[in-house]
């Protein structure tokens with residue numbers, strides 16, 4: 001049986017160059033289509049609005065890359081946010097709300113942890 005073939009570095013580099021070209025084409029196309037695309041206010045607004053989503057996506061992407069596909073990230077965020085909302089309506093201060101949100105997330109993680117895995 002022949003050994004498995006590895007992808008050559010040129011094929012890997014070609015894929016990265018292609019993705020870079022597509023990204024640049026999208027940016028140029030959007031800049032030509034709308035005069036507001038590269039406006040400083042639009043860029044800062046987009047950065048502000050996507051930061052929250054990036055914080056959510058980062059741990060999910062790391063889990064998928066590690067082949068530990070875990071679809072409970074979004075549901076844990078939803079539960080933590082809901083509990084924080086109820087506590088905010090009850091009058092808790094912001095530092096306590098952060099502690100409540102972290103506590104709910106830690107509790108969900110402890111419950112979802114497979115039995116054989118160490119903490």
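Computed from the coordinates by the stated procedures, all read-outs in this text should not be read as laboratory data. The structure displayed is predicted, hence computed values, not measured ones. Every residue, glycine as well, gets a Cβ built from its backbone with ideal geometry; the counts of neighbours run over all protein chains shown.
Taking the fewest neighbouring Cβ atoms within 10 Å as the starting point, the ordered list for 64, 77 is 64, 77. Hydrodynamic analysis of region 70-113 uses the Kirkwood radius over alpha carbon pairs. Inserted into Stokes-Einstein at 20 °C and 1.002 mPa s, it gives a translational diffusion coefficient of 203 µm²/s.
Values of log10 I(q)/I(0) for region 15-68 across q = 0.15, 0.27 Å⁻¹ run -0.67, -0.95, by the Debye formula with one identical scatterer at each alpha carbon and no solvent. Normalised by 2.2 N^0.38 Å, where N is the number of residues, the C-alpha radius of gyration of region 31-94 stands at 1.61. Compared with the alpha-carbon gap, the fully stretched path from residue 65 to residue 86 is longer by 4.1 nm at 0.36 nm per residue. Compared with the alpha-carbon gap, the fully stretched path from residue 24 to residue 40 is longer by 3.9 nm at 0.36 nm per residue.
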